[in-house]
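Written below as structure tokens is the structure these notes are about.
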């Protein structure tokens, strides 16, 4: 039986930006599932190296950084 976790696409290692002109961040590991079925993902801000948590649903809407 395949778990729901194995069917989730996480673009680990991708560098994306918050919207078309926001700062760049690198996508890290999956952290935890939220009550609404979304997931929290660890991200690292490219400019500062700061780690943060970001919703997977929002992350997938962000463009690749230029």
Can you put 17, 57 in order, fewest other beta carbons within 10 Å first?
57, 17
If you rank 25, 54, 9 by fewest surrounding Cβ atoms within 10 Å, what's the result?
9, 54, 25
Multiply the residue separation of residue 47 and residue 60 by 0.36 nm, subtract the distance between their alpha-carbon atoms, and state the gained length in nm to one decimal.
2.6 nm
Using 0.36 nm times the number of residues separating residue 12 and residue 34, minus their current alpha carbon distance, what extension gain do you get?
6.0 nm
Ranked by Cβ crowding within 10 angstrom, fewest neighbours first, how are 10, 43 ordered?
10, 43
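Values in this text are rule-based calculations from the coordinates and carry no lab data. Being a predicted model, the structure only gives us computed values, none of them experimental. Note that each Cβ is placed from the backbone with ideal geometry, even for glycine, and that neighbours are counted across all protein chains shown.
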